[in-house]
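For reference, the structure is listed below as structure tokens.
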Amino acid sequence: MSNTMFMILLAALVFWLVSVFNGLVLLRNRYRNAFAQIDVQLKRRHDLIPNLIETAKGFMAHERATFEAVVQARNRAVQAGAAASAQPGDANAMQALVQAESALGGTLGRLFALSEAYPELKSDQNMLGLQEELGSTENRIAFARQAFNDEVTAYNTRREVFPDRLFTGVFGFEAANLMTATESADERQPVKVSF
Amino acid sequence: MSFSTTQARARRVSRRLILLLVLGLVAMTVTTVVVMLPFLFFSYPLVAKNVNVASDLEQAVFLLAWIVGGALLLPLLALLASLLEVWHLSSGGQVVAERIAARRVVSDVADPLERRLFNVVQEMSIASGVPMPSVWVMDAEDGINAFVAGHDAGDSVMVVTRGALRALNRDELQAVIGHEFSHLLNGDCRLNIRMLAALAGIEFLGWLSVVFIWPFSEVEGSLRHKLGFFLGWYVLMPVGWLFLLAGLLLWQVGAVGRFFALLIKASLSRQREFLADASSVQFTRNPLALAGALARIEASGQGTLIRHRYAAALSHLFFGQAVTVWWRWLFATHPTLRERISLACPGFDSQAYLRQRKVESIEDQTVTFA
């Protein structure tokens, strides 16, 4: 009798462990997929930049240094993106990616600020279209980042609740990192608006 | 109040209303059966005259079959009418979009307004986690409105009026599209089909009562000819009076049922709109844009009405009230704009917003404020 009871308890334990393991795998794949969505949009942004420079060059030939800064920032962001998609959730890779992307955002912002001085460029159909595409891509990145953070939070919560947390270390599920705002000086500056 | 509180309340009220609708349908079915029973009982001798029965037992079995079969006949026919309506309505999203005279927008469209629409739909698809629907524009509609249709992710459609493309700025359009994504996410397309199917079943009873009262509405001919039918039916064959009585009773049940079903459908729809508004804010995290879109509609001359007559069947999937109704406070599919603005963004100042709202250069400036 006690033997049967023991077998039943053992089976229940194994069943529970399997469900914990599978639940964690599911959540881990979800946040990885959410990262893939960010990755798609970052690539889209990177692909739009050469077009932007081609269009802008014709109007603002004297801003060579700015164009070069944008190109360099873009190349660094492409590299950081490749490193991060190899191991999404890794703290260092995430940090590097966020920094590279915000640096790219900064140089793009400078480019757009300079373009204010070129009325023909501002009213160019091509440029307006590119601005819409870049703006939309920024939005998509923001929404995809929100979704990624939600998925990471769901995964981390499942990982940390009791009693599941007793086994997450054994199974080798490591904590994932949120994509938060960077600590860079640029982004901590209050936004200035001038007319 | 946060958007999650609003969502929870809208969901709770929706569940209660759906329960109410189901209870109403059950009550109607029971009442119909009760109305039919005396009619069947008293009409039995007329039928029995034409049937040869050998024994008392056979007679009893036949009576029972007549009553049970007759009583179940009407609910079954009403059910059939409902199913026919489901079959009719559940054509995919693309069919619906084409029927309402919309034009598909492709991903690499040149028109800047449509390009922006496509981008906004893609953004909201990411924010809501709902697969991307195909995007359509109703060129002939000046009202500021949008709707979604389709029962599965593969063929859902997002249809926007030309008026909305012209009148709204980017953020406001995003809020409207976010609202529509909530209808997709919360299964409102399916709910709409079910409610319309229930109504079709109830309306069938109303139609049937007319047939009972006067079965010869299809008869062609002169007045004398029709008078002949009338005399024959009500004077020479007394069974006509039985039919008339049952018809009047059925008509009563049908009319009362239809009234309450419409009432429940409208209040359920209004709850889904609150849910969709709250979800739109969840997706965009920008309550100002939603309140702004509503204020823009309020200030515009064109409003949210849709001219196409097919809009009535889809009215509760739109962003704003698409069809005019009697007794707004009872039968409107959408809450008033004021109500929605104050819930989305308490203390919102429409006048101040409209004075300083951002207008992008691609907006069509010919659209004027009323």
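The values are calculated or read from the model by the stated rules, or taken from the named source; none is laboratory data. Bear in mind the structure is a predicted one, so any value in this text is a computation, not a measurement. Reconstructed Cβ throughout: ideal geometry from the backbone, glycine too, with neighbour counts over all protein chains shown.
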**Study point:** Conditions (1) more than 14 Å from chain B (Cβ to nearest Cβ); (2) more than 17 Å from A:Tyr31 (Cβ to Cβ); (3) surrounded by fewer than 21 Cβ atoms within 10 Å (Cβ to Cβ); number of the one not met by A:Ala100
**Key:** (3)
Review point. For B:Trp233, are the conditions met, namely being over 23 Å from B:Val96 (Cβ atoms), in contact with a Pro (Cβ under 8 Å, 6 or more places away or on another chain) and free of Cβ contacts under 8 Å to residues at least 24 places away in the same chain?
Key: yes
Review point. Considering B:Phe212, B:Phe230, B:Phe204, B:Phe260, which residue is out of contact with any helix residue (DSSP H, G or I) (no Cβ under 6 Å at 6 or more places or on another chain) and part of a helix (DSSP H, G or I)?
Key: B:Phe230
Check your understanding: Would a scan of the stretch A:180-195 turn up a residue that is exposed (fewer than 13 other Cβ atoms within 10 Å of the Cβ), under 26 Å from A:Val25 (Cα atoms) and at pLDDT below 85?
Key -> yes
Point to revise | Filtered residue count, the stretch A:123-141, keeping only those that are basic (Lys, Arg) and more than 9 Å from every other protein chain (Cβ to nearest Cβ) | key: 0
**Study point:** Residues of the stretch B:259-277 satisfying the condition of being among the charged types (D, E, K, R), closer than 15 Å to B:Thr6 by Cα and under 14 Å from the mean Cα position of the chain (by Cα)
**Key:** B:Arg270, B:Arg272, B:Glu273
Study note, to complete from the structure: How many residues of the stretch A:72-82 are surrounded by 15 or more Cβ atoms within 10 Å (Cβ to Cβ) and over 12 Å from A:Leu42 (Cβ atoms)? The answer is 2
Practice item. Being free of Cβ contacts under 8 Å to residues at least 12 places away in the same chain and either of a type outside the set (Lys, Arg) or touching a helix residue (DSSP H, G or I) at 6+ places or on another chain (Cβ under 9 Å) (or both) narrows it down to one of A:Leu114, A:Leu104, A:Leu128, A:Leu108, so name that one. Key: A:Leu128
Check your understanding: Going by the structure shown, is A:Arg74 basic (Lys, Arg), more than 12 Å from chain B (Cβ to nearest Cβ), farther than 21 Å from A:Ala176 by Cα and within 19 Å of the chain's Cα centre (by Cα)?
Key -> yes
Review point. Among the residues of the stretch B:319-326, is any among the aromatic types (Phe, Trp, Tyr), farther than 17 Å from B:Glu172 by Cβ and either surrounded by fewer than 20 Cβ atoms within 10 Å (Cβ to Cβ) or out of contact with any strand residue (DSSP E or B) (no Cβ under 8 Å at 6 or more places or on another chain) (or both)?
Key: yes
Revision key, fill the gap. Subset of the stretch A:3-50, residues touching a helix residue (DSSP H, G or I) at 6+ places or on another chain (Cβ under 6 Å), within 30 Å of A:Leu108 (Cα to Cα) and not polar (S, T, N, Q), comes to A:Tyr31, A:Ala34, A:Phe35, A:Ile38, A:Asp39, A:Leu42, A:Arg44, A:Arg45, A:His46, A:Leu48, A:Ile49
**Study point:** Number of the exception - A:Tyr118 against (1) over 20 Å from B:Arg116 (Cβ atoms); (2) aromatic (Phe, Trp, Tyr); (3) surrounded by 18 or more Cβ atoms within 10 Å (Cβ to Cβ)
**Key:** (3)
Exercise for review: For the stretch B:326-343, name all the residues that are modelled with pLDDT under 90 and under 23 Å from B:Gly163 (Cα atoms).
Suggested key: B:Ala332, B:Thr333
Check your understanding: Does A:Ser85 satisfy the condition of being hydroxyl-bearing (Ser, Thr, Tyr) and within 14 Å of chain B (Cβ to nearest Cβ)?
Key -> no
Revision key, fill the gap. Residues of the stretch A:146-175 being within 13 Å of chain B (Cβ to nearest Cβ) and under 12 Å from A:Tyr31 (Cβ atoms), in sequence order, are A:Ala147, A:Phe148, A:Asn149, A:Asp150, A:Glu151, A:Ala154
Revision key, fill the gap. Reported set for the stretch B:42-97 where residues are surrounded by 12 or more Cβ atoms within 10 Å (Cβ to Cβ), hydrophobic (A, V, I, L, M, F, W, C) and more than 39 Å from the chain's Cα centre (by Cα) is B:Phe42, B:Leu46, B:Val47, B:Ala48, B:Val53, B:Val61, B:Phe62, B:Leu63
Exercise for review: Pick out, from the stretch B:44-129, the helices (runs of 4 or more DSSP H) lying fully within it that include 3 or more residues that are within 14 Å of another protein chain (Cβ to nearest Cβ) and under 21 Å from B:Val176 (Cα atoms).
Suggested key: B:112-128
Review point. Which of the residues that make up the stretch B:130-147 are away from chain A (no Cβ under 14 Å) and not in a strand (DSSP E or B)?
Key: B:Pro133, B:Asp139, B:Ala140, B:Glu141, B:Asp142, B:Gly143, B:Ile144, B:Asn145
